[in-house]
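Contents: one structure, followed by commentary.
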Amino acid sequence: MNREGFIPKPRVFISYARKDGEEFAANLRKRLQEEEPEITLWQDRAEMEGGVGWWKQIEEALDQVQFLVIVMTPAAMQSEMTRKEWRYARQRGVNVYPVKVCADAELDYASLPNWMKKAHFFDLDREWETFVNYLQSDREPKPVAFMAPDVSEGFIQRPREFEQLIAQLVDAKQENPIAITTALQGAGGYGKTTLAIALCHDD
């Protein structure tokens, strides 16, 4: 039982694309609150504080929770904002659990980063108890190092140079890295650093 006025630390962050995942996320939140009240939740639209930077609040939430539950919909797979949440969660050592919302045929698994392709996607119609058990556990994965800053606003793609750089760093299938040091050469202001940052964010 919580002491009066005591707000428990959120345990689970629910990530979703508002375009096609908000209803499922709201229903998932409601079910967890009703059936598993000890699993404390944080969900942006329910917890956002007016007048405070959106991403700052997301970072603060992910710094507190142990689990990131991703509502996997076609829009979530394509949204850079949701991907930013996933990236930050891994960087902070948060357990990432994708949840299937629709049929596999509707999801573009090929567009996912390699680490997520290997993750187990929970089907809550069949695996609710297993899912809940995971959220009640004390799994603590190691943070994944990621030191590149965000890509600057207004970044303009340079496909030819980008593909040439990728070809130097990964194998022909673009699946495994090549152990080599690659340098970008050019005059100041040509965008070498920006190109390198963009590469670090490419799945």
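The values are calculated or read from the model by the stated rules, or taken from the named source; none is laboratory data. Since we're looking at a predicted model, the values are computed, not measured. A quick note on method: Cβ atoms are made from the backbone with ideal geometry, for glycine too, and the neighbour counts reach across all protein chains shown. These area figures cover heavy atoms from the full protein model, side chains too; ligands, DNA and RNA do not enter into them. Shrake-Rupley method; radii C 1.70, N 1.55, O 1.52, S 1.80 Å.
Screening the range 126-146 for residues that are within 20 Å of residue 39 (Cα to Cα) and modelled with pLDDT under 90 and picking the one that is most open to solvent (accessible area, probe 1.4 Å) gives 140.
Considering only residues in the range 76-99 that are under 8 Å from the mean Cα position of the chain (by Cα) and open to solvent by 20 Å² or more (accessible area, probe 1.4 Å), the one that is modelled with the highest pLDDT turns out to be 96. Pairs linking a residue in the range 104-128 that is farther than 15 Å from residue 74 by Cβ to a residue that is of a type in the set (Ser, Thr, Tyr), with Cβ atoms under 8 Å and 6 or more positions apart or on different chains, are 117/109; 119/97; 120/97; 122/97; 122/130. Step by step: first the residues of the range 106-125, then only those that are more than 14 Å from residue 70 (Cα to Cα) and modelled with pLDDT of 90 or more, then the one that is least open to solvent (accessible area, probe 1.4 Å). Which residue is that? Ranking the candidates gives 106 first. Condition check: closer than 27 Å to residue 12 by Cβ and in contact (Cβ under 8 Å) with a residue 24 or more places away in the chain. Does residue 165 satisfy that? No. Note on the range 110-203: enclosed helices (runs of 4 or more DSSP H) holding 3 or more residues that are in contact with a strand residue (DSSP E or B) (Cβ under 7 Å, 6 or more places away or on another chain) are 124-135.
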